[in-house]
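Undergrad: Sharing a structure here in structure tokens format.
The values are calculated or read from the model by the stated rules, or taken from the named source; none is laboratory data. None of the values given here were measured: they were computed from a predicted structure. All Cβ positions, even for glycine, are placed from backbone atoms using ideal geometry, and neighbour counts span all protein chains on display. The protein model used for the area step is the full one, side chains on, heavy atoms only, and it has no ligands, DNA or RNA in it. Shrake-Rupley method; radii C 1.70, N 1.55, O 1.52, S 1.80 Å.
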Amino acid sequence: MSIRFVTPALLLLLAALPLLVARKRGVRTGRAPLLAALTRAAAAAALIALLSGIRLERPRPAAGTCLVAAIDVSASVQDAAVARAREVLEAVIRGLGAEDMLGSVAFAARARVVAHPRHDVRDVATLLPPPASDVTGFESGDTDLATAFTMASALCPAGKERALLLFSDGNETSGSLAAESARTGPRVPVYAFAPSGAALPAAVIRRVLAPGFAPEHSVLPLELVVESRAAAPMLAELRLLANGAPLTRERVRLTPGLNVIGMPYRLRGAGQYAIEAELALTSDGAPLPGRGRAAVAVTEPLHVLVASERASPVVATALAGHGMHVEIVPPRALAGGIEEIARQHLVVFDDVARADLSDATLEALAAWVAQGGGLIATGGEHLFGDARYAGSAFERVLPVTMRAQAASPQEREPIAIYLIIDRSNSMGYASHQPALHNGEKMAYAKRAALAVLDQLGDRDLVATIAFDSQPYELGPLLPAGESRAALAARIQQIQYGGGTDFKEALEIARRNLIASGRAVRHVILLTDGDSNRSAEDHAAVIAALARAEITVTSIRIGSDTVNLDLLDAISRATGGTFHHVADAQQLPQLMIRDAQRLMGRSTERREMPIRAAEGGAILAGIPEREVPPVTRWAVVETKRGAEVRLFVEDGQARDPLLATWQYELGRVAVVPLDFQGGASAWPTWRGFAKLWTQLAEWTAARGRADDHRVEVTRRRDGTRIALETLAEDAGPFVLRLDDAEDVVLRQVGPRTFAATVANLRPGVHAAALARGGSSSAEPFDLLVPASADSDRELRTVATNAALLREVAAATGGAVDPEPARVFTARAGVRHETMPLDWVLAPLALVLVLADVAIRRLMLL
């Protein structure tokens with residue numbers, strides 16, 4: 001408070017007060033005269049002050065102050081602002097005057113009145129918004145400070161001095177508080193109170209990183225960016241949901257600052273998925289504020305077209321075993337045009353020479369890659385040493401330049417091999433393998449036989465016998481180069497039926513192998529059941545095979561133990577190997593490994609270890625030490641911009657064995673290895689299928705031409721539904737909802753169609769997507785999120801103190817002031833005053849009476 005005077009000039013009369021106290025000559029001295037003089041002077045001073053209009057004044061509006069608290073309930077603040085508001089408003093309530101008013105609003109993206117300003121506020125609870133767990137309608141995923149300012153300023157009645165008490169971290173994701181406060185007149189002081197850092201959420205999911213399209217059966221490479229505000233590492237739990245249903249959860253250790261956490265997941269079933277991630281502390285299990293979101297379209301499994309001169313290339317076998325749709329075609333099949341290629345995610349050239357490929361075919365392939373297709377070229381000198389590729393469109397898209405290849409070392413000695421395959425009734429059933437359907441066991445057996453056939457060199461002798469209760473020769477023992485195609489066709493035609501007796505088949509194989517004259521003679525016997533004969537009946541043929549040095553590998557399919565001893569005895573007696581295979585899916589790689597074990601290597605070949613460079617997702621989970629060495633490779637030279645993933649060091653040279661790059665919108669990889677030659681150990685390596693699967697997933701196109709993705713976001717004006725297509729399409733598209741009217745999605749950008757729907761309830765909706773007026777539609781689940789959490793809100797790191805200081809200074813407010821200061825009136829407003837007449841008038845009268853009384857006493 002301060003003292004003010006209406007007529008300060010009258011205070012000059014105070015200069016005459018000493019005359020009233022001065023002694024007169026002849027007047028008696030003593031205490032009484034002095035006391036009378038002082039009393040007289042005091043009465044005169046009181047009278048002068050009364051006449052000059054003395055009064056007390058404090059810097060509060062005379063008409064009272066209207067205070068409105070704006071309390072932030074957005075995701076970045078949660079209950080922290082409410083806690084700070086409770087603390088400050090309790091002190092403000094205690095300081096309210098008779099004319100003062102107090103109200104409150106709560107806000108995030110939207111603002112809502114909690115309590116209209118009034119005089120008789122006594123309970124702070126009436127001013128506070130609901131807890132953060134119940135802020136429906138505020139759209140807590142965004143913060144609009146300007147909206148809160150506008151609403152709060154409009155609540156105060158005319159004639160009242162307005163002031164805003166802002167409880168927020170200052171992180172606005174829409175609107176501008178600085179601009180809104182600057183154009184509001186008269187100026188409204190903003191007093192900002194930042195919540196305590198300890199009360200803010202300990203951590204928040206800032207972003208979910210996921211590809212927009214992912215093929216079925218592939219691993220979705222999800223990554224979560226989590227911001228930890230804790231001062232020390234802490235444990236938390238990450239939870240994933242798809243279309244509102246829980247997927248998985250994982251405990252993680254968060255370090256202070258940014259954390260990037262991988263949560264790969266294999267989504268089952270094609271369709272549209274709204275992926276959500278939430279974070280919870282392990283101490284209480286309650287989810288922390290804010291969900292990260294990403295929209296993912298799970299498309300059909302990867303469609304891979306393998307162009308190969310082999311009937312069953314090992315690469316195709318590896319990819320098919322991991323759920324990809326693999327089609328093997330001879331190179332000449334590509335000459336028909338780009339139609340077949342355009343339906344694929346990925347094209348693999350498996351040791352393909354240029355002979356059957358025209359310039360037009362290679363140009364069409366290059367154009368498809370440039371538009372987003374995926375291409376892998378693998379093979380040895382047969383492909384990378386073919387000079388006819390030089391300068392072609394094919395070489396242009398590769399990350400390497402082809403070079404002339406050195407001559408191959410001396411070839412190994414040819415072998416002679418018999419494949420004896422069980423075709424009995426039991427091969428058509430899956431009674432002991434619930435993971436397989438009827439007929440798949442026979443299919444895997446045929447696939448394994450074809451894979452072995454493809455491994456053989458042209459000079460190797462090969463024949464096949466199918467048996468039930470009697471043998472059926474599918475072809476004589478001939479060089480593979482002459483009989484491969486015909487034998488492969490007959491193997492494909494094998495049908496199951498009949499009993500089980502392989503003795504005569506072994507006899508036929510023994511006679512013909514002896515007659516071949518080859519040094520390495522081998523039999524692979526594949527069966528899943530008991531023989532019609534006793535074990536003793538096989539003793540003679542086993543002994544004859546052993547004397548002829550014909551090795552027999554016996555493979556018993558099935559989880560039961562029938563006939564194991566007999567098959568094991570055949571292999572042990574002949575120097576072969578016995579395998580008991582419970583899973584028929586392992587057959588192709590097992591039989592390939594057995595065949596390659598027989599193929600000797602020239603002593604001139606030296607094994608070279610593999611080195612890893614830029615691995616990334618392609619080599620994830622594949623340690624360098626586990627990659628098999630190679631004895632020969634095609635020598636290529638990387639182009640500028642290519643990334644070398646695997647290489648060998650040959651003297652001073654560093655030759656790439658896996659190189660990749662981005663070619664315009666597509667991806668291309670090169671693996672210059674022959675898996676029947678210098679890299680023959682790779683197909684039997686346990687990590688071979690994993691490496692090729694990850695390489696295929698990295699290289700493959702985002703999707704096929706008819707794939708699309710739907711994303712749903714909540715906004716202030718409604719729910720926005722957006723459709724992304726991978727092919728140019730004029731649209732429009734129609735979204736049909738079971739519980740709402742059809743929504744027409746019109747083009748809003750390249751390959752993007754969208755519409756905004758009002759009042760679409762949160763949750764899962766049964767929906768279907770159709771093109772234009774088409775009657776056919778694709779059904780899927782459409783998830784409408786409950787809130788509009790935005791990436792911008794989740795990216796907030798700390799209090800935006802700079803904005804709070806700027807706005808407070810510009811409006812005449814302050815940051816974190818004492819509660820009493822919020823009542824201060826701005827310049828030009830009449831302050832609250834208190835006249836002192838009622839005190840000074842009685843005082844002057846009392847002093848005059850006292851002076852009279854003292855004078856009378858002096859006369860006595």
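Undergrad: Go through (1) open to solvent by less than 20 Å² (accessible area, probe 1.4 Å); (2) at pLDDT below 85 and name the single condition Ala404 misses.
TA: (1)
Undergrad: Criterion first (in a strand (DSSP E or B) and modelled with pLDDT of 80 or more) does Val88 satisfy it?
TA: Here the answer is no, as Val88 does not meet what is asked.
Undergrad: How many residues does the range 366-383 hold that are modelled with pLDDT of 90 or more, closer than 21 Å to Leu658 by Cα and part of a helix (DSSP H, G or I)?
TA: 4
Undergrad: I need every pair where a residue in the range 317-335 that is of a type in the set (Asp, Glu) has its Cβ under 9 Å from the Cβ of a residue that is open to solvent by 20 Å² or more (accessible area, probe 1.4 Å), sequence separation at least 6 or different chains.
TA: Glu327/His303; Glu327/Glu340
Undergrad: Identify the single condition in (1) open to solvent by 10 Å² or more (accessible area, probe 1.4 Å); (2) at pLDDT below 85; (3) in a loop (DSSP other than H, G, I, E, B) that Phe138 does not satisfy, given that it satisfies every other one.
TA: Here Phe138 meets the rest and fails (1).
Undergrad: Moving on. Looking only at the range 713-720, decide whether some residue is under 24 Å from Phe213 (Cβ atoms), part of a strand (DSSP E or B), touching a His at 6+ places or on another chain (Cβ under 6 Å) and at pLDDT below 90.
TA: no
Undergrad: Can I ask one more? When the residues of the range 482-497 are filtered to those that are part of a loop (DSSP other than H, G, I, E, B) and closer than 24 Å to His579 by Cβ, which remaining residue is least open to solvent (accessible area, probe 1.4 Å)?
TA: Ranking the qualifying residues of the range 482-497, first place goes to Ile494.
Undergrad: Select from the range 676-706 the residues that are of a type in the set (Asp, Glu) and assigned to a loop (DSSP other than H, G, I, E, B) and list them in ascending order. Reasoning before the result, please.
TA: In the first step, residues of the range 676-706 are kept if they are of a type in the set (Asp, Glu); the result is 697, 706.
If the condition is that a residue be of a type in the set (Asp, Glu) and assigned to a loop (DSSP other than H, G, I, E, B), then Asp706 is the only one that fits.
Undergrad: Restricting attention to the range 323-346, and to residues there that are touching a Pro at 6+ places or on another chain (Cβ under 9 Å) and open to solvent by less than 50 Å² (accessible area, probe 1.4 Å), which single residue is modelled with the lowest pLDDT?
TA: Start the filter on the range 323-346 by keeping residues that are touching a Pro at 6+ places or on another chain (Cβ under 9 Å), which leaves 323-325, 328, 345.
Keeping just the survivors that are open to solvent by less than 50 Å² (accessible area, probe 1.4 Å) gives 323-324, 345.
Numbers: Gly323: 86, Met324: 91, His345: 92.
It comes out as Gly323.
Undergrad: Considering only residues that are open to solvent by 20 Å² or more (accessible area, probe 1.4 Å) and hydroxyl-bearing (Ser, Thr, Tyr), look in the range 347-401 and name the one that is farthest from Val670 (Cα to Cα).
TA: Ser358
Undergrad: Within the range 266-296, track down each residue that is closer than 14 Å to Phe213 by Cα, under 17 Å from the mean Cα position of the chain (by Cα) and open to solvent by less than 60 Å² (accessible area, probe 1.4 Å).
TA: Leu267, Gln272, Tyr273, Ala274, Ile275, Ala294, Ala295, Val296
The rows are residues; the columns are (1) farther than 28 Å from Ala443 by Cβ; (2) free of Cβ contacts under 8 Å to residues at least 60 places away in the same chain.
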site: Gly497; (1), (2): no, no
site: Ser516; (1), (2): yes, no
site: Arg521; (1), (2): yes, no
site: Leu525; (1), (2): no, no
site: Ile550; (1), (2): yes, yes
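Undergrad: Can you give me the ranges of the strands (runs of 3 or more DSSP E) entirely in the range 625-675 with at least 1 residues that are free of Cβ contacts under 8 Å to residues at least 60 places away in the same chain, open to solvent by 10 Å² or more (accessible area, probe 1.4 Å) and in contact with a Ser or Thr (Cβ under 7 Å, 6 or more places away or on another chain)?
TA: Working: elements: 636-638, 643-650, 653-663, 666-671.
The qualifying strands (runs of 3 or more DSSP E) are 643-650.
Undergrad: Enumerate the strands (runs of 3 or more DSSP E) found wholly within the range 195-259, keeping only those where 2 or more residues are within 28 Å of Arg84 (Cβ to Cβ) and over 12 Å from the mean Cα position of the chain (by Cα). Working first, answer last.
TA: Working: elements: 203-209, 213-215, 223-228, 234-242, 245-254.
In the range 195-259, the matching strands (runs of 3 or more DSSP E) lie at 203-209, 223-228, 234-242.
Undergrad: Just for the range 739-754: of the residues that are among the hydrophobic types (A, V, I, L, M, F, W, C) and under 18 Å from Asp706 (Cα atoms), which one is surrounded by the most Cβ atoms within 10 Å (Cβ to Cβ)?
TA: First, pick out the residues of the range 739-754 that are among the hydrophobic types (A, V, I, L, M, F, W, C): 740, 743-745, 748, 753-754.
Within this subset, residues satisfying the condition of being under 18 Å from Asp706 (Cα atoms) are 745, 753-754.
Working: Leu745: 19, Phe753: 23, Ala754: 18.
Of everything passing the filter in the range 739-754, Phe753 is surrounded by the most Cβ atoms within 10 Å (Cβ to Cβ).
Undergrad: Same structure, new question: Cβ-Cβ distance below 6 Å, separation of 6 or more or different chains: which pairs start in the range 399-418 with a residue that is assigned to a loop (DSSP other than H, G, I, E, B) and end on one that is modelled with pLDDT under 65?
TA: Cβ pairs passing all conditions: Pro409/Ser602; Pro409/Glu604; Pro409/Arg605; Gln410/Ser602; Arg412/Met599; Arg412/Gly600.
Undergrad: Would the range 465-472 turn up any residue that is within 21 Å of Thr577 (Cβ to Cβ), over 51 Å from the mean Cα position of the chain (by Cα) and touching a residue at least 12 places away in the same chain (Cβ under 8 Å)? Quick ask: steps written out before the conclusion?
TA: Pass one, the range 465-472, residues within 21 Å of Thr577 (Cβ to Cβ): 465, 467.
So of that shortlist, the ones also over 51 Å from the mean Cα position of the chain (by Cα) come out as 465, 467.
In the following step, the residues that additionally are touching a residue at least 12 places away in the same chain (Cβ under 8 Å) were identified as 465, 467.
The answer is yes, given that some residue of the range 465-472 is within 21 Å of Thr577 (Cβ to Cβ), over 51 Å from the mean Cα position of the chain (by Cα) and touching a residue at least 12 places away in the same chain (Cβ under 8 Å).
Undergrad: Determine which single condition Ala236 fails, assuming it passes every other condition in (1) small (Gly, Ala, Ser); (2) at pLDDT 90 or above; (3) under 21 Å from Glu300 (Cβ atoms).
TA: Just one mismatch for Ala236, condition (3).
Undergrad: Suppose we keep only residues that are farther than 29 Å from Arg206 by Cβ and modelled with pLDDT of 90 or more within the range 95-114. Which one would you say is surrounded by the most Cβ atoms within 10 Å (Cβ to Cβ)?
TA: Ser104
Undergrad: Restricting attention to the range 462-474, does a residue exist that is closer than 14 Å to Tyr418 by Cβ and outside any strand (DSSP E or B)?
TA: No, that holds for no residue.
Undergrad: Looking only at the range 297-322, how many residues end up being assigned to a loop (DSSP other than H, G, I, E, B) and either open to solvent by 30 Å² or more (accessible area, probe 1.4 Å) or aromatic (Phe, Trp, Tyr) (or both)?
TA: So the first thing to find is which residues in the range 297-322 are assigned to a loop (DSSP other than H, G, I, E, B), and the list is 300-302, 309-313, 321-322.
Among the residues that remain, those that are also either open to solvent by 30 Å² or more (accessible area, probe 1.4 Å) or aromatic (Phe, Trp, Tyr) (or both) are: 300, 309-311, 321-322.
Here the count works out to 6.
Undergrad: Here's something else I'd like to know. Run down Lys441, Lys503 and say which single residue is within 47 Å of the chain's Cα centre (by Cα) and open to solvent by 10 Å² or more (accessible area, probe 1.4 Å).
TA: On the way: Lys503 fails: within 47 Å of the chain's Cα centre (by Cα).
After ruling out the rest, the residue left standing is Lys441.
Undergrad: Give the residue that is farthest from the chain's Cα centre (by Cα), with candidates limited to residues of the range 141-172 that are in a strand (DSSP E or B) and at pLDDT 85 or above.
TA: Of the range 141-172, the ones in a strand (DSSP E or B) are 161-167.
Then drop every residue that is not at pLDDT 85 or above, which leaves 162-167.
Working: Arg162: 47, Ala163: 44, Leu164: 40, Leu165: 39, Leu166: 35, Phe167: 33 Å.
Out of the qualifying residues, it is Arg162.
Undergrad: Something else now. Going through Glu793, Glu724 one at a time, which residue ends up being at pLDDT below 90, of a type outside the set (Val, Ile, Thr), in contact with a Ser or Thr (Cβ under 7 Å, 6 or more places away or on another chain) and not in a loop (DSSP other than H, G, I, E, B)? It would help to see each step written out before you state the result.
TA: Numbers: Glu724 fails: at pLDDT below 90.
Selected residue: Glu793, the only one of Glu793, Glu724 that is at pLDDT below 90, of a type outside the set (Val, Ile, Thr), in contact with a Ser or Thr (Cβ under 7 Å, 6 or more places away or on another chain) and not in a loop (DSSP other than H, G, I, E, B).
Undergrad: Please determine, by comparing only the residues of the range 156-179 that are open to solvent by 40 Å² or more (accessible area, probe 1.4 Å) and not small (Gly, Ala, Ser), which one is farthest from Glu99 (Cα to Cα). Working first, answer last.
TA: Pass one, the range 156-179, residues open to solvent by 40 Å² or more (accessible area, probe 1.4 Å): 157-159, 162, 172, 175-176, 179.
Cutting the leftovers down to not small (Gly, Ala, Ser) gives us 157, 162, 172.
Working: Pro157: 12, Arg162: 13, Glu172: 34 Å.
Among residues in the range 156-179 that are open to solvent by 40 Å² or more (accessible area, probe 1.4 Å) and not small (Gly, Ala, Ser), the one farthest from Glu99 (Cα to Cα) is Glu172.
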